[in-house]
1. For the range 33-60, which residues satisfy the criterion of being crowded, with 19+ Cβ neighbours inside 10 Å and of a type in the set (Lys, Arg)?
2. What number of residues within the range 151-200 are among the hydroxyl-bearing types (Ser, Thr, Tyr) and either closer than 20 Å to Gly121 by Cβ or open to solvent by 60 Å² or more (accessible area, probe 1.4 Å) (or both)?
3. List every residue pair whose Cβ atoms sit under 8 Å apart, with the two residues 6 or more apart in sequence or on different chains, where the first one lies in the range 319-344 and is within 18 Å of Ser249 (Cβ to Cβ) and the second, anywhere, is part of a helix (DSSP H, G or I) and polar (S, T, N, Q).
4. Assuming Pro237 fulfils every condition listed in (1) of a type outside the set (Asp, Glu); (2) assigned to a helix (DSSP H, G or I); (3) more than 18 Å from Ile298 (Cα to Cα); (4) open to solvent by less than 80 Å² (accessible area, probe 1.4 Å) apart from one, which condition is it?
5. Here is a list: Asp267, Asp281. Which entry is more than 24 Å from Asp83 (Cα to Cα), without any contact (Cβ under 8 Å) to a residue 24 or more places away in the chain and not hydrophobic (A, V, I, L, M, F, W, C)?
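The values are calculated or read from the model by the stated rules, or taken from the named source; none is laboratory data. These figures come from a predicted structure and were not determined experimentally. Quick reminder, even Gly has a Cβ in these numbers, built from the backbone with ideal geometry, and neighbours come from all protein chains shown. Heavy atoms of the whole protein, side chains included, go into the accessibility calculation; ligands, DNA and RNA do not. Shrake-Rupley method; radii C 1.70, N 1.55, O 1.52, S 1.80 Å.
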Amino acid sequence: MKARNRHRDRRLAGLAAGLLALLSSPLLAAPPQPPVPTDKLLEGRGLYDAGKYKEAVRSFKEADKLANGACAECRLWLAKAFDKLGAYKEALKNVDPVPGMTTNKTILIGAANERGIALVGLAANDPKQLGPAEKAFRQALEMSDGTINSIRFSLGVTLLQMSRDEEGIAVLKEYLAKGPGAADAEVARKLIASPMRARKRMVPDFELTTLAGDYLTAEDLRGKVLLLDFWGTWCPPCVASVPSLRSLSHRLKDDPFQLVSISTDADEKTLRAFVAKNQMDWSQVWDQGQAFTRQCGIHSFPTYVLVSPEGEILHVVSGWGMGTERDLNSRVYAAVRAVQKSAKPAR
């Protein structure tokens, strides 16, 4: 009996050893992860840098597919592109898995930052929803050892949106101290001077020169309803909107209303020819280099920004169609009527 037991134990041990050997063999080991599809990723980044975010999304998705869905860098860039498009839920869907996919510190910092941006977008200026965004920005800033100043700006603005003015102003002052010539330095100064601007959607102060040579400033247009039309001759929906905008401009020419079209065209000659051919006789601005367009956070075209006489953004919509046209016209007329009503002396 003992001999049979010893034989059985040896046989079981042999089977266990064989099973372990089989499991550790190259045939059953986890397959190596495919390399990051650099070419496709670079293609997407080029599109992203050119402001073609929808096309960039397609390239980043293809890159991630080539990596069997295991490309943390692809997911980060997808989140960045979706944040630019305002598709904040999609941004979170792509960025949330990143910490479990990589230990690359640069990618992890970027993921935390994009998570913060998406959460701010989803909060829609509701201070109660901004806590997770603050946490994400602080995490990104901590992981970067405070070296990425743009994250500090995002954190400062978020704190102001939460009505934590003292903290937000302190962070923005630190942002200015570390980068007085930073991209958002002027915006930071204005927020420090008037924290309320972070809690209201205000159109950025501007100084624009039209194709006709007129000089337009935000201050000069106070008291009027302002409609900013961000467009380009290269954009079919933008072109389709021209007749309606022309009609709107003519109908309200004697009212407290100003239509300003901001062109993102690369070539001024092409723009001038199109404007002349289509009798676009309202204020036309060539935003060479798209500085003002970026300042307003515009990423898709056409985009219409309706602004109150006090400079507060009343409505933003992108795209063009019958529904957009009706809704936009209705909102413009309502805003103009409100100005006219408030201007009438009380009886």
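1. Lys40
2. Of the range 151-200, the ones among the hydroxyl-bearing types (Ser, Thr, Tyr) are 154, 158, 163, 175, 194.
Filter once more, so that each one left must be either closer than 20 Å to Gly121 by Cβ or open to solvent by 60 Å² or more (accessible area, probe 1.4 Å) (or both): 154, 158, 163.
Final tally of qualifying residues: 3.
3. Close Cβ pairs satisfying both conditions: Trp320/Ser241; Glu325/Ser241; Glu325/Ser244; Asn329/Ser244.
4. Unmet for Pro237, out of (1) of a type outside the set (Asp, Glu); (2) assigned to a helix (DSSP H, G or I); (3) more than 18 Å from Ile298 (Cα to Cα); (4) open to solvent by less than 80 Å² (accessible area, probe 1.4 Å): (3).
5. Details: Asp281 fails: without any contact (Cβ under 8 Å) to a residue 24 or more places away in the chain.
Residue meeting the stated conditions: Asp267.
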